[in-house]
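Q: One structure coming up, written as structure tokens, with questions to follow.
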Amino acid sequence: MNLSMLTASSTMGQLQKKIDTISNNMANSSTTGYKRRDSQFSDLLFQQVNNQPQPYHEINRQTPNGIRVGSGAKVAQTNIRMDQGAVQTTGRALDLALNDKGQFFQIQVSNGNVVSNQLTRDGAFYLTPSSTNPDLLNVVTSEGHYLLGNNGPITIPANYSEIIINQNGQVVAQMANGTSQVIDTIEIATVHRPQLLQQMGDNRFALPNLAELDINQADVIEIVNPAAVRMTQGALEGSNVDLAKEMSDLLVAQRSYQFNAKAINLSDQMMGLINGIR
């Protein structure tokens, strides 16, 4: 009886992790560029229980003596799904949508004295005054992280009148005097192994320590040739979360959780009956 209770309780803990993953997907169904995650389960170890006395053998038995008892299931991994989200037109010049899955904007994130490059699919960018030059504006994310181009963080002249970004990521500033100035080209990276990405919060991803994993960076991430980039200005990529699917998965997970809770209840009742025998 104790074995059945332990198996059910172990599985309930893992099902709770799946429910948490689904809840996170549903909570981010309106988050720009969010990529949903799926939980993958695997079996825990089996135990061989020899329930037949030796050397007794059942007549005409086709299977070996004993039974195999499972120990429940566990969440093996949560896989990120890179399916393309719906592109929604906003008309805002600094809203950008990537039209190919697996591609990311590169941003520069400062954490104290530590500066690192991270990735995001959130194409909602803004302008903020440069701290070093009052005549320039930095292109940043909503959290203030710099958008990177081929020449580093992208800056726009403060006296611009219009910003034009073509589908290859080239940034052109129309000046107040009628001239145009090519600023830079947005650097886009393709991630070949997205399951290695680490979520950093605020819709940002970072690479793990690839040296510890003995993996070459070129096998994981690659800078895209601008000619192969398809970007839409004045639009944002929505989340790829399908609420109908998430609700269906949530119901299945809840029913599985309920089934295992019922198994614990029945085991407890059976133990009570056994203990009540006089």
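Q: Which pairs do you get when a residue that is loosely packed, with under 14 Cβ neighbours inside 10 Å, found in segment 145-168, comes within reach of a residue that is among the polar types (S, T, N, Q), reach meaning Cβ atoms under 6 angstrom, with the pair 6+ apart or on two chains?
A: 150/185; 161/174; 162/174
Q: Further question: Out of 184, 122, which single residue is closer than 23 Å to residue 239 by Cβ, surrounded by 14 or more Cβ atoms within 10 Å (Cβ to Cβ) and not hydrophobic (A, V, I, L, M, F, W, C)? Before you say what the answer is, go through the steps one by one.
A: Numbers: 184 fails: closer than 23 Å to residue 239 by Cβ.
Testing whether each residue is closer than 23 Å to residue 239 by Cβ, surrounded by 14 or more Cβ atoms within 10 Å (Cβ to Cβ) and not hydrophobic (A, V, I, L, M, F, W, C) leaves just 122.
Q: Taking into account only those residues within segment 194-211 that are assigned to a strand (DSSP E or B) and without any contact (Cβ under 8 Å) to a residue 60 or more places away in the chain, which is nearest to the chain's Cα centre (by Cα)? Let's see the steps before the verdict.
A: Of the residues in segment 194-211, the ones assigned to a strand (DSSP E or B) are 198-201, 204-206.
With the extra rule that they be without any contact (Cβ under 8 Å) to a residue 60 or more places away in the chain, the set shrinks to 198-199, 201.
Details: 198: 8, 199: 7, 201: 10 Å.
By that ranking, first place goes to 199.
Q: If you don't mind, another one. Which of (1) under 16 Å from the mean Cα position of the chain (by Cα); (2) in a loop (DSSP other than H, G, I, E, B); (3) surrounded by 14 or more Cβ atoms within 10 Å (Cβ to Cβ); (4) not aromatic (Phe, Trp, Tyr) is the odd one out, the single condition residue 190 does not satisfy?
A: All conditions pass for residue 190, except number (2).
Q: Could you look through segment 64-115, keep only residues that are more than 20 Å from the chain's Cα centre (by Cα), small (Gly, Ala, Ser) and outside any strand (DSSP E or B), and pick out the one that is modelled with the lowest pLDDT?
A: Ranking the candidates gives 66 first.
Q: So residue 223 passes all but one of these: (1) closer than 30 Å to residue 22 by Cα; (2) assigned by TED's automatic domain parsing to the domain that holds residue 151. Which condition number does it fail?
A: Of everything listed in (1) closer than 30 Å to residue 22 by Cα; (2) assigned by TED's automatic domain parsing to the domain that holds residue 151, residue 223 misses just condition (1).
The values are calculated or read from the model by the stated rules, or taken from the named source; none is laboratory data. These figures come from a predicted structure and were not determined experimentally. Cβ atoms come from the backbone with ideal geometry, glycine included; neighbour counts cover every protein chain shown.
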